[in-house]
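The values are calculated or read from the model by the stated rules, or taken from the named source; none is laboratory data. Everything quoted here is computed from the prediction, not taken from an experiment. For neighbour counting, all protein chains shown are included, and Cβ atoms are generated from backbone atoms with ideal geometry for every residue, glycine included. To get the accessible areas, we keep the full protein, side chains included, count just its heavy atoms, and leave off ligands, DNA and RNA. Shrake-Rupley method; radii C 1.70, N 1.55, O 1.52, S 1.80 Å.
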Amino acid sequence: AAIGFDAEVAAHVAAGGAVTAGRYAYLAVALRMLFAHRAPTLRFEGDFGVREGRYLLGAAANTARYGAGIRIAPDARADDGVLDCCLVRDLPRGTALRVIPGMYRGRHVRRPEVEVVRTRELRVTASRAVPVVADGEVVSETPAVVRCRPRALRVLGLPAEGDQGR
């Protein structure tokens, strides 16, 4: 789930607001929207405590990647029962232009403006209504709660072609 700028961009792309498709759709829309975006004051609460301030975005992930290949939480694991939350403080536009492309390789987590925290539940409130996106779809707006339910998904794996009997 994403909250803030990332959610606004994803919602715009999903609504057909991109001229191109895939990875480049997100990047093109993000660059265009970056100059009009004003970061709200967000309050994040979880097992890590409280973080409050002006944030560009917050993302709660149980896998390393989302969107069109963005490595938002490079160390996230789908089976550990914990959300890896990437919190990006508000950035000057020039800095954001360097940080956003680095998200595709997970390099943003090295930046001092980015913090990754872990929690079983993330509670978010905002100074104004901010969209919440899950799997590329707007599902709500703030206030919001994102939870991780361990072992909630059962996966059936079939042998790959040529792997029968192994």
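Summary table
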{"quantity": "Surface share of carbon and sulfur [accessible, 1.4 angstrom probe, percent] for the chain", "calculated": "50 percent"}
{"quantity": "Whole-Hz ³J(HN,Hα) from phi, Karplus 6.51 cos²θ - 1.76 cosθ + 1.60, for segment 129-141, glycine and proline x", "calculated": "4, 10, x, 10, 10, 10, 6, x, 10, 5, 10, 5, 9"}
{"quantity": "Filtered GluC sites (Glu not before Pro), segment 78-166: DSSP coil and at most 15 other beta carbons within 10 Å", "calculated": "Glu161"}
{"quantity": "Positive minus negative residues near Glu115 (Lys, Arg vs Asp, Glu; Cβ under 12 Å)", "calculated": "+3"}
{"quantity": "Per residue, in Å², the accessible surface of the chain once ligands and nucleic acids are set aside, probe 1.4 Å", "calculated": "56 Å²"}
{"quantity": "Ratio of the Cα radius of gyration of the chain to 2.2 N^0.38 Å, where N counts its residues", "calculated": "1.08"}
{"quantity": "Additional length obtainable on full extension of the chain from Asp75 to Ala36, 0.36 nm per residue less Cα span", "calculated": "10.9 nm"}
{"quantity": "Residue-averaged 222 nm ellipticity for the chain, from DSSP H runs of 4+ at -39500 (n - 2.57), nearest 500", "calculated": "-6000 deg cm²/dmol"}
